[in-house]
Amino acid sequence: MLVCGTHRGLYRLDGPHDDPTRTAECGRVHEVAPSGDARLAATADGLFRSPDGEDWRPLDGPDDPVSVLAGPETVLVGTGDADVLRARPATDGWRFDPVGDLGAHPHGDRWRDRAPSGAPSVRTLAVHPDDGVLAGLEPGGVYAFAGDFWRRYGEGVHDDVHDLRVLGDGGVVAATGNGLYRTDGGDRWYRLDTDFRDFWANYFRESVVHDGRLYASANRWGPEAPAGVTLSAAAGDPAFDAVADPLPAADPAFAISWAVVDGALVGGTMRVDEDGFAPETSAPLIRREGDEWTLGAELPAGVTSLST
């Protein structure tokens with residue numbers, strides 16, 4: 001089963017080529033994450049939980065969840081007001097406790113000055129084996145919490161952080177609104193997509209590692225017609241000597257979410273047009289078959305998150 005978070009609620013599919021069934025009307029879905037056999041979803045209508053990917057129930061938690069990360073022993077939620085919360089089941093529901101006080105960081109005033117709504121959001125969360133909880137802010141960059149306080153996690157990454165991916169060798173990849181970045185050790189970020197010959201393809205939403213390769217997709221801005229491209233290279237290649245492939249979609253789109261389904265890489269896309277993003281326009285799944293991308297099922301809106 002594949003759970004799809006979209007700009008128009010939650011859907012489930014038996015496989016990437018099957019018809020989608022709507023399972024929850026909850027507005028835009030920011031992220032879906034597995035939690036044991038259950039799943040959690042951060043949505044415009046709050047935090048939801050499902051034991052089976054079909055029956056979704058709201059949780060009495062933060063009003064503005066924008067990211068969720070579930071591990072074997074903990075659940076973390078990032079909010080639209082620069083908070084990171086640790087969620088635990090309690091006798092009367094769920095308990096949400098702050099992970100430090102990210103919003104009180106000395107850089108907070110700068111984040112708020114640059115945020116269109118006046119509040120930066122924790123768009124992505126990750127856990128690093130050595131550096132603790134990582135939070136990617138939009139705007140704000142990347143910060144780490146190892147138990148005492150939040151600290152800036154390296155210099156040089158673009159402020160608009162959409163996704164953080166911890167690699168097997170301890171490196172971290174950040175997909176941002178202007179470039180794909182990597183850090184080894186959390187001191188300095190360097191840009192991975194600088195050797196990619198298409199200057200305008202620089203807006204990334206998410207990356208994934210599959211079969212030893214790092215995959216990401218970029219939207220192409222600029223004077224030409226909009227279009228999406230996928231990039232892939234060996235995950236351990238510091239130069240990111242990438243192979244670039246166009247998306248197979250007939251209409252312009254780029255992949256903004258990823259999952260591995262039955263051993264195959266699947267991407268969820270969002271349409272783009274001359275005016276920018278078209279998040280509420282129907283968009284397809286794409287699937288990697290051998291060395292080629294093929295089209296999968298069509299979803300009623302942009303596919304913001306995928307979970308198996």
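Things worth noting here:
- Gaussian network model of the chain, Cα within-10 Å springs - most flexible of G140, G80, G290: G290
- Hydrodynamic estimate: the Kirkwood radius of region 1-59 over Cα pairs, inserted into Stokes-Einstein at 20 °C and 1.002 mPa s, corresponds to D of 194 µm²/s.
- Efficiency of FRET between E224 and M1 - r from beta-carbon atoms, R0 51 angstrom, step 0.05: 0.85
- Amide H contacts for V75 (H built 1.01 Å from N in the peptide plane; partners 5 or more residues away or on another chain; cut-off under 5 Å): A87.
- Angstrom value of the Kirkwood radius, inverse mean 1/r, which spans all Cα pairs in region 1-112: 14.7 Å
- Summed over qualifying helices (DSSP H, 4 residues or more, each -39500 (n - 2.57)) and divided by its residue number, the chain shows a 222 nm mean residue ellipticity of -500 deg cm²/dmol.
- Using the Cβ-Cβ distance between D273 and R22 with R0 = 22 Å, the FRET efficiency computed as 1/(1 + (r/R0)^6) comes to roughly 0.35.
- Centroid-to-centroid separation of region 146-180 and region 1-51 [C-alpha atoms, Å]: 26 Å
- When the Gaussian network model of the chain links Cα atoms closer than 10 Å, the mean-square fluctuations of E138, E292, E54 top out at E292.
- Residues whose amide H falls under 5 Å from that of Y153, counting only those 5 or more places apart or on a different chain, are V142, Y143, A144, with hydrogens built in the peptide plane.
- For W258, nonlocal amide neighbours, meaning residues 5 or more places apart or on other chains whose placed amide H falls under 5 Å from its own, are G268, L306.
- If you take the alpha carbon atoms of region 2-307 and fit the smallest convex hull around them, that volume is 128 Å³ per residue.
- Comparing A38, A174, A216 in a Gaussian network model of the chain, where Cα atoms under 10 Å apart are tied by springs, the biggest mean-square fluctuation is seen for A38.
Every number here is computed from the coordinates shown, using simple stated rules; none is lab data. This structure is a prediction, so every number in the text was calculated from the model and none was measured. Glycine also receives a Cβ, built like all others from the backbone with ideal geometry; neighbour counts cover every protein chain displayed.
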